[in-house]
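The block underneath contains the structure these notes are about, expressed in C-alpha cells.
What follows is calculated from the coordinates using simple rules that are stated; it is not laboratory data. Here the structure is a predicted model, which means the values were calculated and not measured. Neighbour counts run over all protein chains shown; Cβ positions are idealised from the backbone, glycine included.
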Amino acid sequence: MRTASRIGVSALALAAVLVAAPALANDTAAELSVGGLTFTKSTDIAMESEELTITPETVTVKYAFRNTSAAPVTLTIAFPLPDIDLAEAENYAFPTSDPNNFVGFETKVDGKPIALSMNQRALLAGKDVTETLRKANVPFFPLGTERKRLAELPATVREKLVNDGLMQQAGSDERGRPIYEGTWTVKMSAVRQQTFAPGKPVVVEHRYRTSVGASVDTVLRKGLRQKAGMAAEVDRYRKQYCIADGFLASLDKLAGGGEANSGKVREWRIAYVLKTGANWAGPIKSFHLTVDKGKAERLISFCAPNIKSVSPTRLEADAKDFTPERDLKILMIGKE
C-alpha cells in the first residue's frame, strides 16, 4: 500500500549527526534500523497485538502476548540493536552518546520497568574477537570520548591490534598525534528472561530514541532523478518507500525541476525491523501502526497496509492476522 502526504518535524527532532559520506548528496547520516524481537523458538506464545508508534523523537512498541499452552513457558528474549561497523560509525546517526545503549532502550512488562542485560560481541570478518578486545582492555564501542582510549593503549598492544587488523590510523589530532579507530563490528542486544503463565496475557512495552538518517538533498528531485544513470537508484527508492507518482508531483512543486537544489530540500529516513514479528506462534492477531509527523509541511511515504490519515500530522495503519514480510522504512522530504 502507498501513501503520500505532507509532514513537518521540528529542528530539534531532526538534529541527527550529519557527517560527510560518499553518497549522491553530501552531508549524509544513515539511519539505524532498530526493532524486531528474537527469542528462543516456541510455538506456544502468540502475539495477540502490536501497537507501534513512530515519531522523529521516539519509537514505542507495545506487545500483548499469550501463552496458549497448559504450562508456564520461559523464553530468552532479545531485542537486537543494529550492527555497527566501527570503520563506518561516523556515518550513522546515534540518538544518544551511551556506548552501552546508543538508542536509550528501555522496557516495561505489565507496566513495570525491568532490568535488561545488554549483550555485546565484537566480530571481525566473521570471527568473534570479543575476548581479544577484553584482554587488551579495549572499549567495545570506541566512539566519542571513548575513542581517545585507543591512542592511549600501550604501544606494544596498539601495534599488535593494528597488525591484527583490529585498529587502523584515522588521521591526526590538532597536535599531530595519531588518531585510531576500530575496524570490528559491534553486535548488541537487550536480553531478558521472560516467563509466560498459561492463558494469562503479558504486556511488554519498549521505548527508545529514534535514529533519524538525514541528507541535505534527495535523489528524488526531478533535476536529479531524470539524470542518466539514476533510474536504478530511483527505482530502489520507489520500492523501498512505496513512492507514488503523486508524491513525486508534490515534490516537484516543492523543489522545482532544476539540477541545483535551489529549493533547499532535504530528506530524512527512519527504519524499523518488522519482519521478526513473524517469529511467534501464528500471525499477529491485531497490528496497529501510528506515524506522527509533528507538522504538516513535509512529504512522507512508507509501505504499510490500509494507511489512512487521521489528522494533519498523523497517519495510521491497521491489519488483522498480520504476518510482516518486509521491514518498515519511512521517508520524509522537506525544506529546512
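The set of residues from region 193-221 being over 30 Å from ASN119 (Cα atoms), under 28 Å from the mean Cα position of the chain (by Cα) and not polar (S, T, N, Q) comprises VAL216, ASP217, VAL219, LEU220, ARG221.
Could you please give the count of residues in region 284-333 that are in contact with a Gly (Cβ under 7 Å, 6 or more places away or on another chain) and either buried (at least 17 other Cβ atoms within 10 Å of the Cβ) or of a type outside the set (Gly, Ala, Ser) (or both)? Qualifying residue count for the region: 9.
Within region 260-271, not a single residue is assigned to a helix (DSSP H, G or I), within 21 Å of ARG326 (Cβ to Cβ), touching a residue at least 24 places away in the same chain (Cβ under 8 Å) and small (Gly, Ala, Ser). Annotation for region 107-123: no member residue is surrounded by 14 or more Cβ atoms within 10 Å (Cβ to Cβ), acidic (Asp, Glu) and within 22 Å of VAL59 (Cβ to Cβ). Which number in (1) out of contact with any helix residue (DSSP H, G or I) (no Cβ under 7 Å at 6 or more places or on another chain); (2) over 22 Å from PRO99 (Cα atoms); (3) hydrophobic (A, V, I, L, M, F, W, C) marks the one condition that VAL234 misses? Among (1) out of contact with any helix residue (DSSP H, G or I) (no Cβ under 7 Å at 6 or more places or on another chain); (2) over 22 Å from PRO99 (Cα atoms); (3) hydrophobic (A, V, I, L, M, F, W, C), the lone unmet condition for VAL234 is (1).
If you go through region 185-202 one residue at a time, do you hit one that is touching a strand residue (DSSP E or B) at 6+ places or on another chain (Cβ under 7 Å), more than 30 Å from ASN67 (Cα to Cα) and aliphatic (A, V, I, L, M)? Among the residues of region 185-202, at least one is touching a strand residue (DSSP E or B) at 6+ places or on another chain (Cβ under 7 Å), more than 30 Å from ASN67 (Cα to Cα) and aliphatic (A, V, I, L, M), which makes the answer yes.
Once region 81-120 is narrowed to residues that are free of Cβ contacts under 8 Å to residues at least 60 places away in the same chain and among the acidic types (Asp, Glu), the residue that is nearest to LYS148 (Cα to Cα) is ASP98. Filtering region 228-276 down to residues that are of a type in the set (Ser, Thr, Tyr) and in contact with a strand residue (DSSP E or B) (Cβ under 8 Å, 6 or more places away or on another chain), which residue is nearest to HIS206 (Cα to Cα)? Checking each candidate, the answer is TYR272.
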